[in-house]
Amino acid sequence: MDTILVVNAGSSSVKFQVYSVEGEGKLRRQIKGQIDGIGSRPRLRAGDANGNPIADRAYPIEAVPDVPAAMGTAGEWLRDELRIHPIAVGHRVVHGGPEYDRPVLIDHGVVARLERFVMLAPLHQPHNLAPIRSILAGFPALPQVACFDTAFHRTHGPLADHYAIPHQLHAEGVRRYGFHGLSYEYIANALPQIAPDIAKGRVIVAHLGSGASMCAMSRGQSVESTMGFTALDGLPMGTRPGQLDPGVVLYLISEKGMSASNVQDFLYRDCGLKGLSGVSNDMRELEASSDAKAKLAIDYFAYRIGLNAGMLAAALQGLDAFVFTAGIGENSATIRARVVEQLGWLGVTLDPAENARHSKQISRSDSRIPVYVVPTDEELMIAKHTLSLLMTRPSTNPRQERVS
Ligand code: ADP
């Protein structure tokens, strides 16, 4: 059985999925797993195609001290115990910079170019690249594909791509990239099956997870996003503030004596829902809390989504549908209801029963703009891109490169 391994590596976890390649390039998820607690309490957990557990084991901290070690442990488990020898590996890479508007086959040159964007995604990019490097070293003949969160937004026109700063900086790559592109691309591909007419129209997609952003899509293409140069901008997130006057950063440096790296840690780890509530970065805990600041954090989250929806509707010059996705968007009926309240002026009305059931369409039949809940699947997108690049690259037979 030909398989594709998908890897999504973060600072303390490596998530992976194995897809089998079926007839006509169809992909079927066979295994979903992760090693989390890297460097603290490493643990491998995995389930089969039906979600039944097939592994749950703890490791001593010395055995899995970092991301490459976690990749090695997961790889060994797949190869030695499950006899899985993928024909290619697809990776989520957060930042593709100005060059990459589509997935790319990885070689040492690509890795060197992607290194340049570590500063722009300090929490993600180094960890995304670590398993790529260890697989390149250990299995140099195994094709690897990088799939970027920025690529889907490379269709932005100049007005959406620029900051009002001197051109030299734009030329250097200081641009409004946008992120969560693999998720938006999945939704853009799924919409024609869910609502064919709407897929051709103007849609706002709200990806609300621990990272959160919104994308304005026209005819399935990204025209504007709430995120920019880095994944800090736009909506408030679990631990990131979202839109912030740059004067606040200057204040932190000049009045609080913070260094660039202190400010970086602060903005990526201590702000957002966590900073505002003082309770948690996890929406479930905020919803369960009776603390007034937890309520403020939820109110702020819904309010800012409403404000940004107005901005994106202006970019689209109208709106034909609104879509919720990701952890909060797919699972929290409460937050969806709060957001729809903010969209009331656009003529959106919620069907509370359908919302409580997490139905595909949660707006009332007489709502001027329909509202959908579409579960995202970034890993499937990565597997698809990986297979398609593998099949279209010249003069190689993937089977000959299988790792044995
Ligand atoms: P990421 O992939 O960016 O880590 P997810 O898309 O998994 O994030 O989303 C994580 C967020 O989703 C967390 O804030 C979590 O609290 C929230 N979440 C998950 N399930 C629920 C739920 N049932 N109700 C409210 N929030 C939820």
message = Just to confirm my filter: which helices (runs of 4 or more DSSP H) fall fully inside the range 242-340 and include at least 1 residues that are over 23 Å from Phe229 (Cβ atoms) and more than 19 Å from the chain's Cα centre (by Cα)?
response = 272-277, 283-288, 292-316
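Of all residues in the range 286-320, how many are crowded, with 22+ Cβ neighbours inside 10 Å and more than 16 Å from the ligand (Cβ to nearest atom)? Write out each step before concluding.
The first filter runs over the range 286-320 and keeps only residues crowded, with 22+ Cβ neighbours inside 10 Å, leaving 286, 297, 301, 305, 308-309, 312, 319.
Imposing the further condition that a residue be more than 16 Å from the ligand (Cβ to nearest atom) reduces the set to 308-309, 312, 319.
Of the residues in that region, 4 qualify.
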request  = Filter the range 196-215 down to the residues that are β-branched (Val, Ile, Thr) and more than 16 Å from the ligand (Cβ to nearest atom), then identify the one that is nearest to Pro236 (Cα to Cα).
outcome  = Ile204
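Can Ala171 be described as of a type outside the set (Lys, Arg), on the phi < 0 side of the Ramachandran plot and either open to solvent by less than 60 Å² (accessible area, probe 1.4 Å) or not in a helix (DSSP H, G or I) (or both)? Don't jump to the end; show me each part of the working.
Values: of a type outside the set (Lys, Arg): yes; on the phi < 0 side of the Ramachandran plot: yes; either open to solvent by less than 60 Å² (accessible area, probe 1.4 Å) or not in a helix (DSSP H, G or I) (or both): no.
Against the criterion (of a type outside the set (Lys, Arg), on the phi < 0 side of the Ramachandran plot and either open to solvent by less than 60 Å² (accessible area, probe 1.4 Å) or not in a helix (DSSP H, G or I) (or both)), Ala171 does not qualify.
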note = The one condition Ile84 fails out of (1) part of a loop (DSSP other than H, G, I, E, B); (2) farther than 24 Å from Tyr19 by Cα is (2)
Enumeration of residues in the range 207-231 that are farther than 16 Å from Asn281 by Cβ and assigned to a loop (DSSP other than H, G, I, E, B) = Arg219, Gly220, Thr226, Met227, Gly228, Phe229, Thr230
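Given the criteria under 30 Å from Thr334 (Cα atoms), hydrophobic (A, V, I, L, M, F, W, C) and part of a loop (DSSP other than H, G, I, E, B), does Phe152 qualify? Show your work before the answer.
Numbers: under 30 Å from Thr334 (Cα atoms): yes; hydrophobic (A, V, I, L, M, F, W, C): yes; part of a loop (DSSP other than H, G, I, E, B): no.
Here the answer is no, as Phe152 does not meet what is asked.
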request  = Find all pairs meeting these conditions: Cβ atoms under 8 angstrom apart; at least six residues apart or on different chains; first residue within the range 211-234 and under 19 Å from Asp197 (Cα atoms); second residue among the charged types (D, E, K, R) and part of a loop (DSSP other than H, G, I, E, B).
outcome  = Arg219/Lys200; Gly220/Lys200
ask   = Of all residues in the range 321-343 being of a type in the set (D, E, K, R) and open to solvent by 50 Å² or more (accessible area, probe 1.4 Å), which is farthest from the ligand (Cβ to nearest atom)?
value = Glu341
inquiry  = Against the condition hydroxyl-bearing (Ser, Thr, Tyr), within 14 Å of the ligand (Cβ to nearest atom) and more than 22 Å from Asp161 (Cα to Cα), how does Tyr251 come out, does it pass?
reply    = no
key: Near pairs, Cβ below 8 angstrom, 6+ apart or cross-chain, from the range 107-123 (open to solvent by 20 Å² or more (accessible area, probe 1.4 Å) and basic (Lys, Arg)) to any residue that is part of a helix (DSSP H, G or I) and modelled with pLDDT of 95 or more   = none
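The values are calculated or read from the model by the stated rules, or taken from the named source; none is laboratory data. Keep in mind that what you see is a predicted model, and the values were worked out from it rather than measured. When we count neighbours, we look across all protein chains shown, and the Cβ atoms used for this are built from the backbone with ideal geometry, even at glycine. All accessible areas refer to the heavy atoms of the entire protein, side chains included, with ligands and DNA or RNA removed. Shrake-Rupley method; radii C 1.70, N 1.55, O 1.52, S 1.80 Å.
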